[in-house]
Amino acid sequence: IDNNNNNNSIIVRPHSSVALHAHISKSNTNNETSNWGWKKFAAYSGILGIGTFCYRQLRFKDKSSSLIVPAASIIEIPCPEEAFVHPYENESWLFKAFLTTKRFLFLSMIFIPCAAVGIVAQITNDEKWRNYWLNMLVEAFDKAGCGFQKFGQWMSMRPDMFSPDVIEAMSRLQQTVAPHSFEHTKEMIHESFGHEINEIFESFDQEPIASGTIAQVHRARLRPEYANGVQSRDVAVKVRHPAVLDETFVDLDFIFNLMNYSKIFIVPFSQQHFVESLQKQINLEWEAYSLSKFATNFRQEMKKGELNFPIIVPNLFSPSILVESWANGGSVKEFFTEVGDGFKEIAKNTQAFGDQIGEKIQNQRKDIAENLFAMCMKMFLRDNYMHGDLHAGNVFYNEKSQSLTILDAGHTSSISEANVANFGEFLHGVCSGNADELVDSILRMNDGDQSKLNKEQFEKDIHNAVNKWIREDGLGHDGRPVCVGDLTGEILFSLRKNAVSLPGDVAVSLVSIAISEGLIRQLDPDFDMNLKALPYLARYGAFGSIKKRSQKLSLA
């Protein structure tokens, strides 16, 4: 079995091949014997061919057999024993004060000129000034570091909240950010594993093939002695950027406060849990664990070749380095439809390819959206372990095998045991437009000061929010599928207005839902997430758990 590039090609050789070769060579001295030998060879070949065909039919019944992932190839990585603590938490107050001041001055130098140009663009309403401002804004987000880059990526996934030119500009942050030097990569590999780069890898591309917000990725080939547990020695090596520790310690507080005072972004939830969940991404050991957990949870989908997660190379991961199997394919962004407010399709960009090819691309988009949604529902409701950063750059599609590969699992979320049933009811309330169910589930999860709550006013605000975005027939008022992000945004406005605060795990999960919706509906603008979610809610209940309150989660 040749497992190269995950392609299980079978080569069958007869046990008597040496004897057969000797017989054919010997028969060259006699023409009649030679003819008889070739006849026998043809007969053996025919039998062998039929046998091979039958064997393949029995061995690989599924049409996606070339992508079958043997159970042994899914390597389970243990959960890091210690709770995540940012490395700078144990530093002195003087160090923290210095770092905070330094970052504040640095960010001010970047964003103040950008804000000034933005004001000019707003006053003049000139397209050239606006384009200049957008370019400055993207460059500012890029220079500011990983926290702002993540924020920009999230903005690019919400065309229902931002104009198309902002979406197009911010989407550049999904592709690549400035890489660090190869010297830093070599230093981190030696520091993590105690070996030089050429001792572990047979070949290693110095230029990264991608550079993300937290780390950059190099293509490499492992030496045989380090390829334990993986089918192919071709791997991706993820190396954390050197400035990430500084950026994640301070910047997330700045971003959170900016969102809190904004009229667009609403954050009625605990800052501490939200920031900690994002900071956890800088420890690549957690990403190794998450990828392993996802591969285990989706073992059956991987066996069928429908879905893939990179396989971690044992003993080759650390807080700053992660070595994983190579993923083939390209970003699903190539299949995006241009959409605007409310995910309304602006232009059908498949017409240039002709009707037949255009229809094929549309069908591919819908299939990808459907498969991504099914995966998200299983993550949310079946497994209670969600990928928290599903933007287009983290989802690859292989057209040849028609399979998806999910990357970059550093940011994940799950609901605590105490909130499982309540959050399940909240989701059901959103999908069904049941305002009473929303009110009850939110109030049970409320972390805010109960004495400040006017329950009657809160109930009225939630009912108004639901009625604003959902008609009686379950569609939006424009006759199209409801934008879950708009509805939850309206609900979050009501929460802040009424001094209601959600737990951090619920907050992170809501952000994950918003990012997932943005991805899915840029593939298929008419995708009705509310309607399609109800069968999953009925099947899995509140995250697969049978609890008293979660028994209410049914289609009825």
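Side notes on the structure shown:
- Residue that is most open to solvent (accessible area, probe 1.4 Å) [pool: residues in the stretch 518-542 that are on the phi < 0 side of the Ramachandran plot and not in a helix (DSSP H, G or I)]: D526
- Test: residue in the stretch 359-378 that is at pLDDT 90 or above, among the basic types (K, R), within 15 Å of the chain's Cα centre (by Cα) and part of a helix (DSSP H, G or I): yes
- First in the stretch 478-495 and without any contact (Cβ under 8 Å) to a residue 24 or more places away in the chain, second anywhere and of a type in the set (A, V, I, L, M) and surrounded by fewer than 24 Cβ atoms within 10 Å (Cβ to Cβ), Cβ under 6 Å, 6 or more apart: none
Residue-wise test of (1) open to solvent by 20 Å² or more (accessible area, probe 1.4 Å); (2) in contact with a Pro (Cβ under 7 Å, 6 or more places away or on another chain); (3) at pLDDT below 90; (4) part of a helix (DSSP H, G or I).
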| residue | (1), (2), (3), (4) |
| --- | --- |
| Q231 | yes, no, yes, no |
| T248 | no, no, yes, yes |
| F254 | yes, no, yes, yes |
| M259 | yes, no, yes, yes |
| L278 | yes, no, yes, yes |
| Q281 | no, no, yes, yes |
| L291 | no, yes, no, yes |
| A295 | no, no, no, yes |
| Q300 | yes, no, no, yes |
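- Scanning the stretch 201-229 for residues that are outside any loop (DSSP other than H, G, I, E, B) and either closer than 29 Å to L173 by Cβ or of a type in the set (G, A, S) (or both) returns S203, F204, A210, S211, A215, Q216, V217, H218, R219, A220.
A quick yes/no check of all residues on (1) closer than 22 Å to L137 by Cβ; (2) without any contact (Cβ under 8 Å) to a residue 40 or more places away in the chain; (3) open to solvent by 60 Å² or more (accessible area, probe 1.4 Å); (4) β-branched (V, I, T):
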position	(1), (2), (3), (4)
M170	yes, yes, no, no
V177	yes, yes, no, yes
H180	no, no, no, no
H184	no, no, no, no
F204	no, yes, no, no
P208	no, yes, no, no
V217	no, yes, no, yes
N228	no, no, yes, no
A236	no, no, no, no
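- Within the set F458, F493, F426, the sole residue that is open to solvent by 20 Å² or more (accessible area, probe 1.4 Å) and of a type in the set (F, W, Y) turns out to be F493.
- Failed item, numbered, when S512 is tested on (1) more than 17 Å from A435 (Cβ to Cβ); (2) open to solvent by less than 10 Å² (accessible area, probe 1.4 Å); (3) part of a loop (DSSP other than H, G, I, E, B): (3)
- Checklist (1) more than 30 Å from C79 (Cβ to Cβ); (2) within 22 Å of the chain's Cα centre (by Cα) applied to F458, failing item: (2)
- Hits in the stretch 466-502 (condition: basic (K, R), part of a helix (DSSP H, G or I) and touching a helix residue (DSSP H, G or I) at 6+ places or on another chain (Cβ under 8 Å)): K468, K497
- Test: residue in the stretch 418-426 that is part of a loop (DSSP other than H, G, I, E, B) and under 21 Å from S277 (Cα atoms): yes
- The stretch 84-158 holds helices (runs of 4 or more DSSP H) entirely within its bounds, and those carrying 3 or more residues that are surrounded by 15 or more Cβ atoms within 10 Å (Cβ to Cβ) and either touching a residue at least 40 places away in the same chain (Cβ under 8 Å) or of a type in the set (D, E) (or both) map to 93-124, 146-156.
- Of all residues in the stretch 418-450, those that are out of contact with any His (no Cβ under 9 Å at 6 or more places or on another chain), of a type in the set (A, V, I, L, M) and more than 23 Å from M377 (Cβ to Cβ) total 1.
- Members of the stretch 186-200 that are assigned to a helix (DSSP H, G or I) and free of Cβ contacts under 8 Å to residues at least 24 places away in the same chain: K186, E187, H190, I197, N198
The values are calculated or read from the model by the stated rules, or taken from the named source; none is laboratory data. Keep in mind the model is a prediction, meaning the values are calculated, not measured. Reconstructed Cβ throughout: ideal geometry from the backbone, glycine too, with neighbour counts over all protein chains shown. Just the protein is used for accessible areas: all its heavy atoms, side chains included, with ligands, DNA and RNA removed. Shrake-Rupley method; radii C 1.70, N 1.55, O 1.52, S 1.80 Å.
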